[in-house]
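No lab work stands behind these numbers, since they all come straight from the coordinates. Since we're looking at a predicted model, the values are computed, not measured. Methodologically, a virtual Cβ is constructed for each residue, glycine included, from the backbone with ideal geometry; neighbour enumeration extends over all protein chains shown.
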Amino acid sequence: MTDKAEDPRIRRARLSGPEQVTKDATVAEMAPDGAITVLVQGTNEWVCTPGNENKIGDPPMCMNPMGMRWMMDAMQGKPKPTNTAPGMIYMLCGATQRSNTDPADKTSPAIPIGPHWMITWPFDAAANGLPTTVRDKGAWVMFAGTPYAYLHVCGSPWEGNEYHEGDKAVWTMSYALCECRRSTGSIPSGIARRLAL
């Protein structure tokens, strides 16, 4: 029998979220019907699952209780999620998904999605000015317009440089030349006014 410390399922599950969460999380396998088989009992409220890297839509993930309730509802095909507060799900190993618009889709070709984390609470993309298309940076609302709409944030929340009191802030920004200036050689007056503000 494989030692628990060397079990690839446990290692994969723990890589799905930030160490601050996963080091004390329960590691368990989760069946499509919601049955849980605990591999390692944790001491915090989080559950990490290894997923099945050979199955589309079954990535390694780490969930808090409300995130887990949302995920189980989706897996069981319930008409809407039953979490009563926002949930968190980390998928920092990336994932594959059948659809960006239909949580019940089981037949479309796989969509590869990079490392991300999710806030499982109904987000209205249009009302909040958020995109609804798969992207490799930033955020979008997945399953927009359905009861399973949630905020999908690319990358890890731990990426980037940390600011510490006393640090000198250095912002690195660049601007692309707008199409209107490329074609006319000047900036339209409305845009120039906004840039001057």
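Considering amide H positions built from the backbone, and no H for Pro or chain starts, which residues 5 or more places from M142, or on another chain, come under 5 Å of its amide H?
Y150, H152
Under 8 Å for C-alpha pairs, at least 6 residues apart: give me the relative contact order for the stretch 4-154, rounded to a whole percent.
Numbers: 369 pairs, mean separation 25.2, N = 151.
The value is 17 percent.
Roughly how far apart, in whole Å, are the Cα centres of the stretch 30-61 and the stretch 73-129?
The stretch 30-61 and the stretch 73-129 have Cα centres separated by 16 Å.
Starting from the stretch 133-169, pick out the trypsin sites (Lys or Arg not before Pro) whose DSSP state is loop and whose Cβ has at most 11 other Cβ atoms within 10 Å. Walk me through the numbers before you get to the answer.
Numbers: sites: R135, K137, K168; in loops: R135, K137, K168.
The qualifying sites are K137, K168.
K78: which lysines have alpha carbons under 22 Å from its alpha carbon, excluding same-chain residues fewer than 8 sequence positions away?
Here the lysines satisfying the reach criterion relative to K78 are K55, K106.
Computed on alpha carbon atoms, what radius of gyration and Dmax characterise the stretch 4-154, expressed in Å?
Here Rg and the maximum Cα pair distance are 14.6, 47 Å.
Name the long-range amide H neighbours of I111: under 5 Å, sequence gap of 5 or more, or other chain; modelled H, no Pro or chain starts.
When sequence neighbours closer than 5 places are left aside, the close amide H contacts are Q97, R98.
Could you work out how much longer the chain between T133 and D33 gets when fully extended? Use 0.36 nm per residue separation minus the Cα distance between them, nm to one decimal.
Length gained between T133 and D33: 33.1 nm.
Set the Förster distance to 30 Å, then compute FRET efficiency between M75 and N44 from the Cβ-Cβ distance, nearest 0.05.
That gives a FRET efficiency of 0.85.
Return Y150, Y163 ranked ascending by Cβ neighbour count within 10 Å, so the fewest neighbours appear first.
In increasing order of surrounding Cβ atoms, one gets Y163, Y150.
Could you work out the local net charge near T49, counting Lys and Arg as +1, Asp and Glu as -1, over the other residues with Cβ closer than 15 Å to its Cβ?
Result for the neighbourhood of T49: 0.
In which sequence would H152, H116, H164 go, from the one with the fewest C-beta neighbours within 10 Å to the one with the most? Don't skip to the end; give the middle numbers.
Details: H152 27, H116 22, H164 6.
Fewest-to-most ranking of H152, H116, H164: H164, H116, H152.
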